[in-house]
1. Residue check: is B:Leu254 touching a strand residue (DSSP E or B) at 6+ places or on another chain (Cβ under 7 Å), more than 10 Å from chain A (Cβ to nearest Cβ) and either crowded, with 24+ Cβ neighbours inside 10 Å or touching a residue at least 12 places away in the same chain (Cβ under 8 Å) (or both)?
2. Based on this model, can you work out whether B:Ser77 counts as surrounded by fewer than 15 Cβ atoms within 10 Å (Cβ to Cβ) and either under 29 Å from B:Arg197 (Cα atoms) or modelled with pLDDT of 90 or more (or both)?
3. With A:Phe85, A:Phe72 as the choices, which residue is within 14 Å of chain B (Cβ to nearest Cβ), over 20 Å from the mean Cα position of the chain (by Cα) and either assigned to a helix (DSSP H, G or I) or closer than 30 Å to B:Gly216 by Cβ (or both)?
4. Determine which member of the set A:Trp45, A:Trp121 is more than 25 Å from A:Tyr272 (Cα to Cα), in contact (Cβ under 8 Å) with a residue 40 or more places away in the chain and either polar (S, T, N, Q) or more than 14 Å from every other protein chain (Cβ to nearest Cβ) (or both).
5. Do we find that B:Phe289 is surrounded by fewer than 24 Cβ atoms within 10 Å (Cβ to Cβ), in contact (Cβ under 8 Å) with a residue 40 or more places away in the chain, more than 10 Å from chain A (Cβ to nearest Cβ) and aromatic (Phe, Trp, Tyr) in this structure?
6. Regarding segment A:90-113, can at least one residue be identified that is farther than 22 Å from A:Val182 by Cα, aliphatic (A, V, I, L, M) and in contact (Cβ under 8 Å) with a residue 24 or more places away in the chain?
7. Is there any pair with a first residue in segment A:255-275 that is more than 14 Å from chain B (Cβ to nearest Cβ) and a second that is surrounded by fewer than 24 Cβ atoms within 10 Å (Cβ to Cβ) and not in a helix (DSSP H, G or I) whose Cβ atoms are under 7 Å apart and which are 6 or more apart or on different chains, and what are they?
Amino acid sequence: MSKTNRPTPRFSPVRVVQISAAISLILLAVFAWVYFAAPIPDDYWNDKATDFLVILASAGAALAGTWVARLFEKDEAPWRIWWAFAIGFWCWLAGEISGLVYDAIYWETQYPDLTLIDLFWILGYLFLGLSLYYQYRLIFGRQNKRGTRYYLALVALALLLIAILTNLAVSTGLGEGYAWIVLFITILYPVFDLAEGVGAIRLSLLFGRGQWSRPWWGLILFALSDSINSFYWLGGYRWLSEGMQTVFNVITNITYPAAYLVAGLALLTNYYMIKHGKAVGLTKPTKKFNENIKNI
Amino acid sequence: MWHFFNQAEYSIAGDSPAGPEIEFRGQNVSGLIEKQTDEGGHFILLLAGGSPVGAYVLEATGAKSIPISDFSSIAYSDRQRLHPVKLTDPVGRMVWLALESKPKGKLFLASDNDWQNKVTDWKASRWTGLVEVKAGIYQGFAFFWQGEALMADVVLYTPEGFATGLSSLGQIEAANREITLYEPEKASSAFQCFVLRQGAVRWSHKILSRYQELVGKNLLQVMNSEVNHSIQPWNWNLALAGNTLVDRHFFPQLQLATYAYRTLFMGIGAQMSFMIGNHLAQRIFSDTFKMILPDETAALQAQRLIPAAFTN
């Protein structure tokens, strides 16, 4: 796809990104207000209002991911990275919508042991993990022939490890009264979070402050948000002072929608840079270049 | 009989004896001027983008460098004793290499098939040297660098003008070809510029290919466009196209070539650092630097064109 004449964007991409960033901040502020101040008298609608805002954020990230993925041709290595990334976010969007639906059905009662929400979340983890795997393989392992099967073997190993941990938890009496599958999924989330969070952090360090790494920052925020939840699940809530509980609550609840927004904005910026190139004014290394060139 | 491109014609405006030289300088074009004296002396002045590169006297053993000022002071009886030829930059570079290399032998090939076999041999033996091909009105040069010849390093004079690329030599219609083999003078500026160029072209190709693998064709194109734009003020005949550095510029001095390549690699480094981060950009520069030929590595290192210089 070597177009010499790039299409002129209909709207100024810089303006679109700026407006999207402003909307994201507003969305985050509204989310925090609804979540913490609970301005709607009915708990259910208050909760649904925050769910709706999260769905908006995740839809934005999934859409932007798809736009980026569509810019690559199938024979290009980034094609599979960004399609896996986008599909992962679509799965999580489906998970968020399922959560809304399940709440509508089961608000007054308990969720079933295994829900569509879990299914979509796990699929999302698998695709985002696959995306990370492809990115790592592109950087480090071009010479070896390890393909998607190797990744699936790793996933199988992780699932086995989680199953062992679940049995261990059951044998020690943890999660008494819960079905095995519920415990399994409860352990699976922090394990996957940790794995993908560490993977994304390492990738981010590897890319430095490069624009290309920024969509991964979303995964780091998810890991941060979920790790606090896992800490609570392990009983950490009791060990914190009231003030620290508030701080942790704010962090975990704000970073969750923020993770979608950060990933979405980074993907949107990358989309415009790939599609329109320098014409959009989003690339800016020329200043550094001009400084360096004076010193030759 | 002229030494280079005997049939090429160039009309000189005005009557000044220094006419073609002034014209080439004024137009900032590359060219050569051959001058013959009544005493049988044969002299050549070569210009790159309007700047004199060197003056030479042709002797039986090859060309010998003389001061440029000496060339202008050599008298000739009439215009018939002057042979100016406007050259493209790649042709100028090949002429420079020919003038600064030692002829090592001649071959006579009877057919295109013989020529193809010879090319295959040179490739297989990773031979380095300059080949001059003369056949009728055609005259061409091809520089084989460790068995390879870049498209821009094969030039051919045809009645329609200059052509480049190994395939261009297939245009020669005459059956018999006189081949002169030249051995490059390792210390000559022409050869040093050549090796530096090979190094810059190969290294940039490896860098751009790896970058393309990481970010895709579109972002590579974005970077190329940015870098090409940033080097525009210098008017170099250099451009990044896809994963290749197309270098068609005739640099008359090693320092000028070094400056251009440094500027270009700095542009690539700045763009890559912005997109994939400094760490990974540094890694790509370093990894690919190890993949080029040892002679090219040495040439780049001698000019401090090294990975650490191009990323922050």
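The values are calculated or read from the model by the stated rules, or taken from the named source; none is laboratory data. Predicted, not measured: the structure shown is a model, and the values here were computed from it. Don't worry about glycine lacking a Cβ; one is built from the backbone with ideal geometry, like all the others, and counts go over all protein chains shown.
1. The answer is no for B:Leu254.
2. When the stated conditions are applied, B:Ser77 does not pass them.
3. Within the list A:Phe85, A:Phe72, the selection yields A:Phe72.
4. None of the other options fit; the residue is A:Trp121.
5. yes
6. Within segment A:90-113 (the criterion being farther than 22 Å from A:Val182 by Cα, aliphatic (A, V, I, L, M) and in contact (Cβ under 8 Å) with a residue 24 or more places away in the chain), the answer is no, since none of the residues qualifies.
7. Short answer, once both residue conditions are applied: none.
Matching residues to (1) crowded, with 19+ Cβ neighbours inside 10 Å; (2) of a type in the set (Val, Ile, Thr); (3) in contact with a helix residue (DSSP H, G or I) (Cβ under 6 Å, 6 or more places away or on another chain):
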residue: A:Ile40; (1), (2), (3): no, yes, yes
residue: A:Asp47; (1), (2), (3): no, no, no
residue: A:Arg80; (1), (2), (3): yes, no, yes
residue: A:Leu114; (1), (2), (3): no, no, yes
residue: A:Gly124; (1), (2), (3): yes, no, yes
